[in-house]
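The structure appears right after this line, and notes come after that.
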Amino acid sequence: MVQTDEQIKEWERGKNTLADGWDMEVLKEGIRKERLELSDGNVIRFSTENCFAEKMPFIKIENGDTLSEKREDAIIQINPQSTTIQMLIHLSQDIGNPPLNEWKDTIVSDLKKIGKRTENFRMEKLKYMDYICYEVSDQNIWTYNITFRMHKYERKIMGNYNCLKSDNRTWGLLLEALLHENHSKL
């Protein structure tokens, strides 16, 4: 996808104003309205799709030239303009329920095996979902990741949202708000 200089500048302006005085509740309210207006007048739009046989809600960022792939067992949403990726996976078997610290250690170990570094972990437990926020390095590129697992659907649904580490207080905060709103629809 080719972006014009003006499109890139517009998204940079939007990214920079996303966190201007906003908190998680302001972001979630915009997501519920499927329209989040930034202080500079730019708008981020959202839509919800029900996925898999369980009708799991999946709220997607709909701005710009979004790339999307939907299969029977997964949905991937890539937004090149915001450099965000949203992924939801339906597994064939139950993923179990190890304690959050044990799950975190598994993530660290698995990523280390493929040469990636992890740091700055934060974990949260919700009624139907657990998630872990962390940063991952792949050589010189750092990403901010939110990996989650669902409790409501026989522990067969998990996913990952991510953006660039440098965007964790803007797009990362918005991705976490999306996750909370998905959870509220369960």
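Screening residue 25 on (1) at pLDDT 90 or above; (2) under 19 Å from the mean Cα position of the chain (by Cα); (3) exposed (fewer than 12 other Cβ atoms within 10 Å of the Cβ) shows it passes everything except condition (1).
Are any of the residues in the stretch 48-65 among the hydroxyl-bearing types (Ser, Thr, Tyr), open to solvent by 50 Å² or more (accessible area, probe 1.4 Å), in contact (Cβ under 8 Å) with a residue 40 or more places away in the chain and in a strand (DSSP E or B)? Full working, then the answer.
Just the residues of the stretch 48-65 that are among the hydroxyl-bearing types (Ser, Thr, Tyr), to begin with: 48.
The next check asks that each one be open to solvent by 50 Å² or more (accessible area, probe 1.4 Å); those that pass are 48.
After this cut, where a residue has to be in contact (Cβ under 8 Å) with a residue 40 or more places away in the chain as well, the list is 48.
Going one step further and asking which of them are in a strand (DSSP E or B), we end up with 48.
Within the stretch 48-65 (the criterion being among the hydroxyl-bearing types (Ser, Thr, Tyr), open to solvent by 50 Å² or more (accessible area, probe 1.4 Å), in contact (Cβ under 8 Å) with a residue 40 or more places away in the chain and in a strand (DSSP E or B)), the answer is yes, since at least one residue qualifies.
Residues that are within 17 Å of residue 122 (Cβ to Cβ), in contact (Cβ under 8 Å) with a residue 60 or more places away in the chain and open to solvent by 10 Å² or more (accessible area, probe 1.4 Å) within the stretch 143-166 comprise 160, 162, listed in sequence order.
Just one of (1) open to solvent by 30 Å² or more (accessible area, probe 1.4 Å); (2) part of a helix (DSSP H, G or I) fails for residue 119. It is (2). Spot the failing condition for residue 124; the list is (1) at pLDDT 90 or above; (2) within 16 Å of residue 163 (Cα to Cα); (3) touching a Cys at 6+ places or on another chain (Cβ under 9 Å), and only one is missed. Answer for residue 124: the failing condition is (2).
Can you find a residue in the stretch 145-152 that is over 17 Å from the mean Cα position of the chain (by Cα), under 21 Å from residue 73 (Cβ atoms) and among the basic types (Lys, Arg)?
Step one: list which residues in the stretch 145-152 are over 17 Å from the mean Cα position of the chain (by Cα), which gives 151-152.
Checking the rest, the ones that are also under 21 Å from residue 73 (Cβ atoms) come to 151-152.
Pick out the ones that are also among the basic types (Lys, Arg) and you get 152.
There is at least one residue in the stretch 145-152 that is over 17 Å from the mean Cα position of the chain (by Cα), under 21 Å from residue 73 (Cβ atoms) and among the basic types (Lys, Arg).
Checking each residue in the stretch 167-183 for being without any contact (Cβ under 8 Å) to a residue 60 or more places away in the chain, within 16 Å of residue 31 (Cα to Cα) and open to solvent by 20 Å² or more (accessible area, probe 1.4 Å) picks out only 183.
Please verify whether residue 88 is touching a His at 6+ places or on another chain (Cβ under 8 Å), open to solvent by less than 50 Å² (accessible area, probe 1.4 Å) and of a type outside the set (Lys, Arg), treating the condition exactly as stated.
On the way: touching a His at 6+ places or on another chain (Cβ under 8 Å): no; open to solvent by less than 50 Å² (accessible area, probe 1.4 Å): yes; of a type outside the set (Lys, Arg): yes.
When the stated conditions are applied, residue 88 does not pass them.
With the condition kept exactly as written, say whether any residue in the stretch 83-100 is in contact with a strand residue (DSSP E or B) (Cβ under 8 Å, 6 or more places away or on another chain), farther than 22 Å from residue 58 by Cα and at pLDDT 95 or above. No, the stretch 83-100 has no match at all. The set of residues in the stretch 127-142 being surrounded by 15 or more Cβ atoms within 10 Å (Cβ to Cβ) and hydrophobic (A, V, I, L, M, F, W, C) consists of 129, 132, 133, 136, 142.
Kindly provide the set of residues from the stretch 68-105 that are outside any strand (DSSP E or B) and within 26 Å of residue 169 (Cα to Cα), ordered by number. I'd like the intermediate steps shown before the answer.
If we filter the stretch 68-105 for residues that are outside any strand (DSSP E or B), which is where we start, we get 71-73, 80-83, 91-105.
Residues satisfying the conditions are 80, 81, 82, 83, 100, 101, 103, 104, 105.
The values are calculated or read from the model by the stated rules, or taken from the named source; none is laboratory data. Only a predicted model underlies this, so the values are computations on that prediction, with no experimental measurement involved. For neighbour counting, all protein chains shown are included, and Cβ atoms are generated from backbone atoms with ideal geometry for every residue, glycine included. The accessibility values were calculated without ligands, DNA or RNA, using every heavy atom of the protein model including side chains. Shrake-Rupley method; radii C 1.70, N 1.55, O 1.52, S 1.80 Å.
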